[in-house]
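To keep things clear, I will list the structure first and then write my remarks on it.
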Amino acid sequence: MEQCIFCRVVKKELPSTILYEDEETVAFKDINPQAPFHAVIVPKRHIERVSDLKDDQTTVAAKLIQVGNRLARKEGVAEKGYRLVINCNRDGGQTVYHLHLHLLGGRPFHWPPG
Ligand code: 5GP
Ligand code: ZN
């Protein structure tokens, strides 16, 4: 956990552009954006992956989505549309093992995602 990049962002040990913060959540700009607007929204608490969420932790997931929706409106991408993504484990494309929701907007996205 000491080495976890997103724990270090949460603790402000690593620089980032923070877009939103409350007691349990932080949203910041992705360092390698895949769209004109690309943020990641993380719980402050270290949870490695979405599949680790326990039955009594549904509010963690709901909170990430709520912050994503709010941020999309604030950043002006909500009306045209945006994408919320959670990658899980290797085949899911997860590279940082601290649960995060991607918020991507500002361009059209394709389906299937590839
Ligand atoms: P994943 O592939 O795990 O779903 O997403 C990890 C995301 O974190 C990637 O989009 C990557 O660009 C981003 N990322 C990795 N390291 C850092 C960092 O140090 N700061 C920020 N702001 N984003 C990071
Ligand atoms: Zn962490």
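Derivation of every value follows stated rules applied to the coordinates shown; laboratory data play no part. For clarity, every value in this text was computed on a predicted model and none was experimentally measured. Cβ placement follows ideal geometry from the backbone for every residue including glycine, while neighbour counts extend to all protein chains displayed.
Just a few scattered comments:
- Range of Cα positions in region 2-114 per principal axis (Å), largest first: 37, 29, 27
- For region 9-26, backbone phi angles converted through the Karplus equation (6.51, -1.76, 1.60; θ = phi - 60°) give residue-by-residue couplings of 5, 4, 7, 6, 7, 10, x, 7, 8, 7, 9, 7, 8, 9, 4, 10, 9, 9 Hz, Gly and Pro being listed as x.
- Sorting the segments 84-90, 38-44 by their mean number of nearby beta carbons within 10 angstrom, highest to lowest, gives 38-44, 84-90.
- C-alpha center-to-center spacing [region 8-23, region 34-89] in angstrom: 15
- Database remark: amide H of residue 25 closer than 5 angstrom to the amide H of 44 (H placed geometrically; neighbours at sequence offset of 5 or more, or on other chains; Pro and chain starts carry no H).
- In degrees, nearest ten, helix 58-74 long axis to first principal axis of the chain (Cα): 40
- Charge context of residue 97, other residues only, Cβ under 11 angstrom, K/R +1, D/E -1: 0
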